[in-house]
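Below is one structure, written out as structure tokens; the observations come after it.
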Amino acid sequence: MGARTLRHTLALLAAATLTAATVSGCGAADAVEASSAGDELAGAEFVIGSKDFTENIMLGQIAVHLLKAHGAEVVDKTNLGGTAPNRKALESGSIDMYWDYSGTGWIEHLKNATPIQDSAEQFKATAAADLEKNKIQWIGPTPLNNTYALAIRSEKAKELGVKTISDVVELSRSKPEEVTVCIETEFSTRDDGLPGLSKAYGMTIPKDRISLLDTGVVYTETDKGQTCNFGEVFTTDGRIAALGLTVLQDDKRFFPSYNAAVTLRQETYQKYPALEKVLQPVIDKLDDATMQKLNARVDVDGEEPGKVSADWLDKSGFLGGGA
């Protein structure tokens, strides 16, 4: 079995494990002892959602474990769906919180067309506007920046001589048959996805060269190079290194920063002021390197996301047992 074939097999096994592990949320929450780290949230009850990809599921699980360790009763609704279902559930009161990203808030929820280049300023503007317009509070941000990118298998990048997205634009004119892309459905419609990217770079990709796939399959097909040469990736995804993919430089700085934060209704934030004190130290620890390692344990090694999240909290001293 060649190295590439072996990587494909491991990735497929990991994807199957993740699917099986996350269909019904995460049983590992039961392993965390209630009030092990404090009782600041004793008597509180929270329903926690998450989006349906590895990183956001693990962030949701971190919140589940952490709030339980501080005395709250928690209903685990992680792996709820994409951005829209989670935001709708939050606004309607079906869930009390989920993790979102500053770029998503600025572009998708607040309908701005242009990102703010400074990540701190973008988060500050997003949090202020969402609170004022929609009564949604943001607790954060994390240092991690899970922005979008285009990636290609490294040997093909060398063959085509592409290092930047502008190189892909030039390739689309000189060798259009080489510009085939694999993306998720959500990326195909978002203003901060392919439509905005194509407009910003002046690039047109015919529909028959765009394949809409599930997240995990985008990575494996980009690695194989049969369905597409270029794939949409998240920069904190552990599969980039595991599959040996090359991330192309966004030389026009189109993609916004996507720092993560816990979003919740203002009324919930005001009712439980201890939430920020409990969450912020954990948020401060979540940088790119940490998230890449956690994501890789699930997507590459096939571990269960709830267990990975609980292990990291425990080893970091956030569950009351010491670091």
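Numbers for the structure displayed
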| read-out | value |
| --- | --- |
| Criterion: under 20 Å from the mean Cα position of the chain (by Cα) and more than 21 Å from Ala157 (Cα to Cα) - qualifying residue of Phe187, Phe234, Phe230 | Phe187 |
| Residue within the stretch 264-281 that is part of a loop (DSSP other than H, G, I, E, B) and of a type in the set (A, V, I, L, M) present | no |
| Count - residues of the stretch 27-76 that are crowded, with 19+ Cβ neighbours inside 10 Å and either among the aromatic types (Phe, Trp, Tyr) or part of a strand (DSSP E or B) (or both) | 8 |
| Tally of residues being surrounded by 19 or more Cβ atoms within 10 Å (Cβ to Cβ) and without any contact (Cβ under 8 Å) to a residue 60 or more places away in the chain across the stretch 293-323 | 3 |
| Qualifying positions in the stretch 77-99 - of a type in the set (Val, Ile, Thr) and either part of a strand (DSSP E or B) or touching a Pro at 6+ places or on another chain (Cβ under 8 Å) (or both) | Thr78 |
| Filtered residue count, the stretch 209-258, keeping only those that are of a type in the set (S, T, N, Q) and closer than 17 Å to Gly193 by Cβ | 5 |
| Per-region count, the stretch 65-77, residues touching a residue at least 60 places away in the same chain (Cβ under 8 Å) and either under 29 Å from Ser188 (Cα atoms) or of a type in the set (A, V, I, L, M) (or both) | 3 |
| Residue in the stretch 303-319 that is nearest to Glu33 (Cα to Cα), counting only those that are assigned to a helix (DSSP H, G or I) and of a type in the set (A, V, I, L, M) | Ala310 |
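Yes/no per residue for (1) farther than 18 Å from Leu245 by Cβ; (2) of a type in the set (Phe, Trp, Tyr); (3) touching a strand residue (DSSP E or B) at 6+ places or on another chain (Cβ under 8 Å):
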{"site": "Lys124", "(1), (2), (3)": "yes, no, no"}
{"site": "Trp138", "(1), (2), (3)": "yes, yes, yes"}
{"site": "Leu144", "(1), (2), (3)": "yes, no, yes"}
{"site": "Ser172", "(1), (2), (3)": "yes, no, no"}
{"site": "Glu178", "(1), (2), (3)": "no, no, no"}
{"site": "Glu184", "(1), (2), (3)": "no, no, yes"}
{"site": "Pro195", "(1), (2), (3)": "yes, no, no"}
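Every number in this text was worked out from the coordinates using simple rules, so none of it is lab data. Computed from a predicted model, the values in this text were never measured in an experiment. Cβ: placed from backbone, ideal geometry, glycine included. Neighbour counts: every protein chain shown.
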